[in-house]
1. Restricting attention to the alpha-carbon atoms of the chain, what are Rg (one decimal) and Dmax (integer), both in Å?
2. Would you work out which of ILE77, LEU140, LEU43 lies farthest towards the positive end of the dipole of the chain, given +1 charges on the beta-carbon of Lys and Arg and -1 on that of Asp and Glu, about the Cα centre?
3. For segment 22-151, give the percent of accessible area contributed by carbon and sulfur heavy atoms, probe 1.4 Å, rounded to a whole number.
4. Taking the simple approach of a point 7 Å from Cα along Cα-to-Cβ for both PHE18 and THR168, what is their distance in nm?
5. About its Cα centre, how strong a charge dipole does the chain have in debye, to the nearest 20, once Lys and Arg get +1 and Asp and Glu get -1 at the Cβ?
6. Over all alpha-carbon pairs in segment 129-168, figure out the percentage whose distance exceeds 13 Å.
7. Would you mind computing, in nm to one decimal, how far apart the modelled labels at HIS79 and LYS103 are, each placed 7 Å from Cα along Cα→Cβ?
8. Determine the per residue accessible area of the chain with all protein chains present and a 1.4 angstrom probe, expressed in square angstrom.
Amino acid sequence: MNTAPPPVEQTIRSDDFFISDLNDEMRVDQQCQALLKNYHQHLLKCGDYTPLEAGAMAGAGDYFLRDFVIDTLRANIFHLAASQVRGFAGNWYIHRTLEPNMKELKVILKGVAAFYHYCAANKWVKKGTSDEIAAVCADLDYFRGRIDSFHALKGDDYPKWCEECPLT
């Protein structure tokens, strides 16, 4: 993979992505959209992905960042722990998706890992954070098991299932 990030047209400061009220949330969402467009261009320019793959990965990043991190967690996208990625893929995605499946989740996780690699290359997150997120994203057997156990839930099993993989 070509690790050289493209020039970013906007100045990114991680402190600009904190959310304390609805106005912040709307501002951060707009900043995130612009950042995701740059990320998509990076994926296209690096030469490792077809346009369809790059679009799917950027869309996956959009779903993860805007629907989960910003809207659900109300968290700064640059101050995310790998455990929160695990909570997204092993809990939130599964119970918020009509038919959770590994084919879709693999694309999402690939996009999330590549996004945080892009962020580390731009020094918006530490390389160690990016590596930890990539390791979580690569744990496909764990997520397959979470999907299977979700489909096998009976009676009052749901709360315990959620506790086994918290969102944060």
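1. Over the chain's Cα set, Rg and Dmax evaluate to 16.0, 53 Å.
2. Checking the options against the dipole of the chain, the answer is LEU43.
3. The C+S portion of the solvent-accessible surface of segment 22-151 is 54 percent.
4. About 1.5 nm separates the two model spin labels.
5. Its charge dipole is roughly 380 debye.
6. Roughly 61 percent, once rounded to a whole number.
7. Each label point lies 7 Å from its Cα, and together they span 4.0 nm.
8. Value returned for the chain: 53 Å² of accessible area per residue.
The values are calculated or read from the model by the stated rules, or taken from the named source; none is laboratory data. Being a predicted model, the structure only gives us computed values, none of them experimental. Glycine also receives a Cβ, built like all others from the backbone with ideal geometry; neighbour counts cover every protein chain displayed. We work out accessible area using only protein heavy atoms, side chains counted, and drop any ligands, DNA or RNA first. Shrake-Rupley method; radii C 1.70, N 1.55, O 1.52, S 1.80 Å.
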